[in-house]
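Step one of this worksheet: look at the structure below.
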Amino acid sequence: MSDSQSSSSSSSSSSYDSASMGLPPLNVVENHRGTDSSHTFSQALTPMGSRHWRDVVWMLIFLAHLIVIGLALVVFGLNRFRKKDRLNIDRYTVGLLENMDGLTEDFWPLYAVAGGVGIFLGWTWLLWFGSHANQVMKFSVHLLATYLAVISVLCFWGKQLLWGFTFGIAAAFQFLYVISVIDRLPFTMLVLQRAVKMVWDLPEVIRAACIFMLVMLFWLALWSFGVAGIVALSIGDGRHWWLLVVLSVSLFWTGAVLCNVVHVIVSGMVFLVLTHGGREVSSVPPKPLINSLQCAVTTSFGSICYGSLFTAAIRTLRWEIRGLRSKIGNNECLLCCVDFLFHLVEFLVRCFNKFAYVQIAVYGKSFNHSAKDAWELFQSTGVEALVAYDCSGAVLWMGTLLGGLIAGTCAGVWTRIKCPNRVVMVGSTAMLMGMILVGLVTVVVESAVTSIYLCYAQDPLLIYRWDAAFFVQMSEKLHQRLQHRSARTREVLSHRIDDQIQETVGV
């Protein structure tokens, strides 16, 4: 283990020496394959007929789930639309739901507010980030913990003890995580700035995000119509929350699928631009956006549906464990427990990671195959140390969560005025709507970040041709991280050897 890391560190030294002079690293030139990489990658991007359908079972499951959920939403929404028990289904819900006198249109406008706030916050965030990245990042990171704490206090004040404790614990975790990664934020800001620069140079990906946001709005209109009917049907007792939980999980999966479709489209475009050295060069194949879109919604759609179920949860757990692990210190017992969880999550990351979507966009592989290949590429080149150090995904997630909380708060305040006993029910579901809408914007930047890292691992000269100054900064940081890992490995090994010597002398 130490040998491999020391070899990685030594190879990185040559990268650092040449990078400090503003030149491509020596090992990059030595390892550069004799073929034209842009030609190879474009061949992977363009042929639609040669691609095979991947993870078809998951695509069928997702489409079947959409049909079933869609029919249920229509039924629940129409049953209380302008007339109580229009479809005469209340007799089937006796004993399951408490039938009330509310109507669907009493609560549907509340979700419209959440949708409007989510769209406004998403595009305002992207526009503001393009010109004031540093301020936006600080705003998202530091305001989130404060906002969660304020909501926790309001929940306790409203005698919602469970939600008060939930938001309070979330605020504490957010505060501890920010403290643990505060030294990584300057590099994270650098990466995000370059990703936003790339996105703004590709206006077609912004238009693609707008199209999918309209698709998501259509589904949210139907989803909120059905949920409004359910809210009007039940008073919100704990026995009735199971129905909203099922619909919320369905919405989360649907929103994740649409976000990751955008991820695949943007990744394909960014990878194409980087491999060809520009958007306007003659070697770029015709209609690249259409080709990426066609692959994302046909042959690769099953892989996107499959990965969308698990990737977000595993990534969030990994961020928290990494932040906790870096601040434990010398507590051997706690370190042992956290290391067990860390290695378990790292194993899951090999099968479920966001970089798989770039491989899906470029090569059309299955999701697990893409995730495994991407992770092995990062580990074999040492770039995994840089990926682990970067917090851009967590920062973007904080912005998404903050946008959802604000949207949920706006809907909750109106609900408090109009119908006080439905505040938590409407506020929590409206928060999920806001998060999905903001996430459809932030995923554009995140997909650019993942493409940049994968290109750097595949062929660092691609980044050098695109932005030489950024390449130098990445190479310097990679050198520092590899040296840090090598030093940490030597320290751990020396402690173990000392312990073994002491045990032997004692015996």
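The values are calculated or read from the model by the stated rules, or taken from the named source; none is laboratory data. Note that the structure is a prediction, hence the values are computed from the model and not measured. So basically every Cβ, Gly included, is an ideal-geometry build from the backbone, and we count neighbours across all protein chains shown. Note: accessible area is taken over every heavy atom of the protein model, side chains too, but ligands, DNA and RNA are not part of it. Shrake-Rupley method; radii C 1.70, N 1.55, O 1.52, S 1.80 Å.
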Original post:
Once the other residues with Cβ under 11 Å from the Cβ of Leu454 are scored (Lys, Arg +1; Asp, Glu -1), what is the net sum?
Top reply: -1
Original post:
If you count, for each residue, the other Cβ atoms within 10 Å and average over each peptide, how do 300-308, 222-230 line up from highest to lowest?
Top reply: 300-308, 222-230
Original post:
Using the per-residue mean of other Cβ atoms lying within 10 Å as a proxy for protection, in what order, highest first, do the peptides 414-421, 168-175, 186-193 fall?
Top reply: 186-193, 168-175, 414-421
**OP:** Working with all protein chains in place, sort Cys155, Cys455, Cys210 by solvent-accessible area computed with a 1.4 Å probe, largest first.
**Re:** Cys210, Cys155, Cys455
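Using heavy-atom solvent-accessible surface (probe 1.4 Å) with all chains present, what is the largest-first order of Arg279, Arg481, Arg422? Write down the numbers at each step before the final one.
Values: Arg279 80, Arg481 55, Arg422 15 Å².
Ranked list, largest accessible area first: Arg279, Arg481, Arg422.
From the protein chains alone at 1.4 Å, what is the descending order of accessible area for Glu491, Glu105, Glu384, largest first?
Working: Glu491 100, Glu105 55, Glu384 15 Å².
So the residues, ranked largest to smallest area, are Glu491, Glu105, Glu384.
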**OP:** Take segment 156-249, compute every pairwise Cα distance, and split them into 10 Å bins from 0; I just need the percent in each bin.
**Re:** 12, 20, 24, 31, 13, 0
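Among the listed pairs Lys287/Lys372; Lys197/Lys477; Lys138/Lys372; Lys83/Lys159; Lys287/Lys365, give every one whose C-alpha distance is greater than 24 Å. The partial results should precede the final answer.
Working: Lys287/Lys372 30 Å; Lys197/Lys477 20 Å; Lys138/Lys372 33 Å; Lys83/Lys159 33 Å; Lys287/Lys365 21 Å.
Check vs 24 Å cut-off fails for Lys287/Lys372; Lys138/Lys372; Lys83/Lys159.
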**OP:** Let me know the charge dipole size of segment 343-470 about its Cα centre in debye, to the nearest 20, where only the beta-carbon of Lys, Arg (+1) and Asp, Glu (-1) is charged.
**Re:** 700 debye
